[in-house]
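Structure first, commentary second.
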Amino acid sequence: MKDRFISSFQEFWETILDKSPSIVLGLVLLFIMWGLAVLISRLVKKRIMVRINDQLLSNFIGRLIFLIFLIIGVVMFLNQIGLGQAAGGLLAGAGVSALIIGLAFKDIGENFLAGFFLAFSRPFSIGDVIQVTDITGKARALNFRNTHVRTFDGRDVFIPNSMLIKSPLTNFTRDGLMRYDFVIGLDYGDNIAEAIRVIIDELGNMANITKAEGVEPFVIINDFGTSTINLKTYFWINTYDFTGSSLQLKSVVMHQVLLRLSEAGFNMPADIIELKIYQEGQPIPVSVRNDASIKPKSNPEIV
């Protein structure tokens, strides 16, 4: 048994030595194809960025080219070391294998094709704020199987590409513009027209708010509340120019508008609670209860 094992090992070692030039040449070819894959994928990515400036598409095409060249390198390596039949069988059976793998891994194939369509249709770009179902955040990357989205509360969500194809996708920043709004309540006795003018004037003095034609800030009377007339203020920001937090900017805008209205003498009352007494002309019964369990320093309770 021992002699048989030694004999088999010697035959294997002699085979390795005989094929060592082919193995070395195959490895050289594999490394050359790997280098070409890296070089060509980078060149294609730069070319795409120069022509259409789409990082999402350039990354996807770059990865696809790298994968194709790497597969060619593996096939050349197998052919060089004498496994040409295996390489040929691998290529010849690619169609059948793709069918079998596609049935076995339907979701993977579906996500890959969806990623391919997303890369060319380009419904969003890197950095865009998108929403899919109940997930909202900035798109970070498009991979073969999923899309990386960073939500505003710091979560990294990887959404299957097929979900982006099947579900409605909202892009809030495709043109760089994003609208925000807030409601502020004024007293019924205030001059509402003057309040709207003051708010528009204050928004016009803020540098981070877009004031281009068609996206100017505006104010409307939203509704009549219990104790206030509620004004709804709309304004736009250009996410290409403003790289900070949009929510922080909204807070700054609300604070500035509040200060300006206060300086202009406008009153922003709290909710008014109306107490109705049905026994008109009768005194309101109020009694003071002294409880022995209450400490002397406590105030008497009115009931």
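The values are calculated or read from the model by the stated rules, or taken from the named source; none is laboratory data. From a predicted model like this one, the values you see are computed outputs, not experimental measurements. Every residue, glycine among them, receives a Cβ derived from its backbone with ideal geometry; neighbour counts consider all protein chains shown.
Report whether or not Asp223 is at pLDDT 90 or above, in a strand (DSSP E or B), surrounded by fewer than 13 Cβ atoms within 10 Å (Cβ to Cβ) and not assigned by TED's automatic domain parsing to the domain that holds Gly127.
Numbers: at pLDDT 90 or above: yes; in a strand (DSSP E or B): yes; surrounded by fewer than 13 Cβ atoms within 10 Å (Cβ to Cβ): yes; not assigned by TED's automatic domain parsing to the domain that holds Gly127: yes.
Judged against the criteria, Asp223 is a match.
Inside the stretch 226-257, residues that are in contact (Cβ under 8 Å) with a residue 60 or more places away in the chain, surrounded by fewer than 14 Cβ atoms within 10 Å (Cβ to Cβ) and part of a helix (DSSP H, G or I) make up a count of 1.
Scanning the stretch 179-210 for residues that are under 23 Å from Ile272 (Cα atoms) and polar (S, T, N, Q) yields one hit, Asn191.
Checked against (1) farther than 30 Å from Gly115 by Cα; (2) without any contact (Cβ under 8 Å) to a residue 24 or more places away in the chain; (3) buried (at least 16 other Cβ atoms within 10 Å of the Cβ), Ala207 meets all criteria but (3).
Suppose we keep only residues that are among the charged types (D, E, K, R) and surrounded by 10 or more Cβ atoms within 10 Å (Cβ to Cβ) within the stretch 19-55. Which one would you say is modelled with the lowest pLDDT? Break it down stepwise before answering.
Of the stretch 19-55, the ones among the charged types (D, E, K, R) are 19, 42, 45-47, 51, 54.
This time we only want the ones that are surrounded by 10 or more Cβ atoms within 10 Å (Cβ to Cβ), so: 19, 42, 45-47, 54.
Details: Lys19: 66, Arg42: 81, Lys45: 75, Lys46: 77, Arg47: 75, Asp54: 63.
So the residue we want is Asp54.
The number of residues in the stretch 196-220 that are part of a helix (DSSP H, G or I) and farther than 13 Å from Tyr180 by Cα comes to 8. Scanning the stretch 143-191 for residues that are closer than 30 Å to Ala270 by Cα and surrounded by 16 or more Cβ atoms within 10 Å (Cβ to Cβ) yields Tyr180, Ile184, Gly185, Leu186, Asp190. In this structure, does Val149 turn out to be outside any loop (DSSP other than H, G, I, E, B) and at pLDDT below 80? No.
Selection over the stretch 117-142 of residues that are surrounded by fewer than 16 Cβ atoms within 10 Å (Cβ to Cβ) and farther than 27 Å from Leu247 by Cα gives a count of 3.
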